[in-house]
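Shown next, in structure tokens, is the structure this report addresses.
Rule-based calculations on the coordinates, nothing more; no lab input. All of these numbers come straight from a predicted model, not from anything done at the bench. When we count neighbours, we look across all protein chains shown, and the Cβ atoms used for this are built from the backbone with ideal geometry, even at glycine.
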Amino acid sequence: MDKEDLLHFGTEAAAQFPGRRPSRATMWRWYLRGCKGVKLETILIGGQRYTSKAAIERFIQDQNQPKDQPAELAPISATQRARQNTAARQALAAIGI
């Protein structure tokens, strides 16, 4: 996103999506958690968050990849990984492994 034209995340970015504008909450969810394993790229400059038209296009394109080519999964947090590990250990212990 270095040399791309930046759009203010809270005011300009939603207008760049085709069709109905996503809400601010939806935009933040796409940035923080992603959608279908794809996160919306943003950059923080001076306390303000920005994205770009190209980042929005990549976000849409990555969500619409054919089923035989899965999108790259967003990384999970250490807390989520710990929860998954605990659940897996419990499931294995329940079946005696």
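Structure above, values below:
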| read-out | value |
| --- | --- |
| Label-point separation in nm, Cys35 to Gln61, each point 7 Å along Cα→Cβ | 1.7 nm |
| Top of Gln63, Gln84, Gln16 by mean-square fluctuation, Gaussian network on the chain, Cα under 10 Å | Gln84 |
| For the stretch 15-22, 3J(HN,Hα) per residue [Karplus equation, 6.51 cos²θ - 1.76 cosθ + 1.60, θ = phi - 60°, Hz, x = Gly/Pro] | 5, 8, 7, x, x, 5, 5, x |
| Alpha-carbon radius of gyration plus Dmax, which is the widest Cα pair, for the stretch 6-94 in Å | 16.3, 52 |
| Nearest-20 debye value, the chain charge dipole, Cβ charges on Lys, Arg, Asp, Glu | 500 debye |
| Integer Hz, Karplus 6.51/-1.76/1.60 couplings in order for the stretch 39-56, x for Gly and Pro | 9, 6, 6, 9, 9, 9, 10, x, x, 10, 9, 10, 9, 9, 4, 5, 5, 5 |
| Unit charges at the beta carbon, dipole of the chain: most positive-side option, Gln16, Gln65, Gln90 | Gln90 |
